[in-house]
Amino acid sequence: QAKRNGRDRITWFDTQREQAQTQLTQLIKRMELAMSNNELELFYQPKVNMKTCEVIGVEALLRWRDPERGLVPPGDFLPLIEEHPFSIDVGNWVLDAALKQVNEWRSQGIELPVSVNINALQLLDDEFLDSVSSHLLHYPNVSPKFLEIEVLESAAIGKIKVAAEVLAKCKKMGIAVSLDDFGTGFAALDYLKRLPAQTLKIDQSFVRDMMTDEGDLAIVKGIIGLADAFNFSIIAEGVETEPQGKQLVELGCVLGQGYGIAKPMPANEVLPWLKNWKCPEGWGGYEGG
Ligand code: C2E
Ligand code: MG
Ligand code: MG
Ligand code: MG
């Protein structure tokens, strides 16, 4: 279906499209290789209760340890493959790796729930539920209660019925669901009554400037109000400073995640972190208790 322009010249758009296609194919080849060379790795970022200082779980965040480029963040490759079925393979790898880690922690006496990010293609894929349950069956010591999935509200746009069904089944299996980057996805508010999720995750872009930008503060308050009204739990991402945490707690958002608590870290750093973790002063936790 290439558009021909006069003679046999392909247009600029065709060239662009072809180049993008070739780049995607190359990226996928490199990622397949990376997977078989064990270059994919999960980092974990703690989620805490900023009032009690209890650690409530960790979010698994994908990294690519490329021998040449070093540690590559997911933003450099996941968005490029998100519409390609290969991203489902990556998602399955992530699920397995995260559950394996929870299992490992469990065998060391640490019960730590894990949250895994799920992209739209994965969520809406026919095999998603089977895939999740077979991953769980593979780790019989890991209860579904220890798995949470984070989906973008935008993942459901246009497919709200299917998305709602899938999430309902996840919930039935005992898996928690949170709506990630909440407030950025242009989803209609009626999704809130239709999507069976437990938690709204306030996007870090609103948290970042909430202390100085009244508009952002209003959005944060608004999301907390929605969560209350619809009976969702609420968590803030991107908590970088102690005052932000304090303010969030005062507004009724006690759960938080962000550099001010801990940066995402390799799996082997999690237990030492847990041992040393103390709430910042001023968050009113039971320090040392
Ligand atoms: P996300 O799920 O919203 O994850 C939060 C991102 O914010 C992470 O970036 C995290 O490192 C970063 N972050 C956490 N606290 C702070 C903070 O206080 N300040 C700042 N500036 N950033 C903070 P990361 O790890 O680069 O991941 C980016 C996005 O890539 C994630 O956003 C998620 O959408 C996606 N992603 C990561 N891993 C996976 C995965 O395994 N599967 C899928 N489908 N997506 C993933
Ligand atoms: Mg997330
Ligand atoms: Mg997020
Ligand atoms: Mg995000």
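The values are calculated or read from the model by the stated rules, or taken from the named source; none is laboratory data. These numbers come from a predicted model, not from an experiment. Heads up, the Cβs are rebuilt from the backbone with ideal geometry, glycines too, and the neighbour counts pull from every protein chain shown.
Taking into account only those residues within segment 188-210 that are assigned to a loop (DSSP other than H, G, I, E, B) and out of contact with any Ser or Thr (no Cβ under 8 Å at 6 or more places or on another chain), which is nearest to SER133 (Cα to Cα)? Let's see the steps before the verdict.
Of the residues in segment 188-210, the ones assigned to a loop (DSSP other than H, G, I, E, B) are 188-190, 195-198, 203, 209-210.
The next check asks that each one be out of contact with any Ser or Thr (no Cβ under 8 Å at 6 or more places or on another chain); those that pass are 188-190, 195-196, 209-210.
Working: ALA188: 30, LEU189: 30, ASP190: 29, LEU195: 20, PRO196: 18, ASP209: 40, MET210: 39 Å.
Result: PRO196.
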Residue check for ALA156: touching a Pro at 6+ places or on another chain (Cβ under 7 Å) and either within 14 Å of ligand 3 (Cβ to nearest atom) or not charged (D, E, K, R) (or both): no
Within segment 92-138, residues being among the polar types (S, T, N, Q), under 11 Å from ILE149 (Cβ atoms) and assigned to a loop (DSSP other than H, G, I, E, B) number 1
Within segment 180-196, how many residues are touching a helix residue (DSSP H, G or I) at 6+ places or on another chain (Cβ under 6 Å) and at pLDDT 95 or above? 0
Out of everything in segment 171-187 that is surrounded by 12 or more Cβ atoms within 10 Å (Cβ to Cβ) and assigned to a loop (DSSP other than H, G, I, E, B), what residue ends up being farthest from ligand 3 (Cβ to nearest atom)? GLY174
In segment 178-208, residues that are in contact with an Asp or Glu (Cβ under 7 Å, 6 or more places away or on another chain) and more than 16 Å from ligand 4 (Cβ to nearest atom) total 1
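Is it the case, given these coordinates, that VAL249 is touching a residue at least 60 places away in the same chain (Cβ under 8 Å), among the aliphatic types (A, V, I, L, M) and in contact with a Phe, Trp or Tyr (Cβ under 8 Å, 6 or more places away or on another chain)?
Details: touching a residue at least 60 places away in the same chain (Cβ under 8 Å): yes; among the aliphatic types (A, V, I, L, M): yes; in contact with a Phe, Trp or Tyr (Cβ under 8 Å, 6 or more places away or on another chain): yes.
Yes: the conditions hold for VAL249.
Consider segment 59-75. How many of its residues are in a strand (DSSP E or B) and within 16 Å of ligand 4 (Cβ to nearest atom)? Can you show your working first?
Step one: list which residues in segment 59-75 are in a strand (DSSP E or B), which gives 59-66, 70-72.
Right, trim to within 16 Å of ligand 4 (Cβ to nearest atom) and you get 59-63.
Qualifying residue count, segment 59-75: 5.
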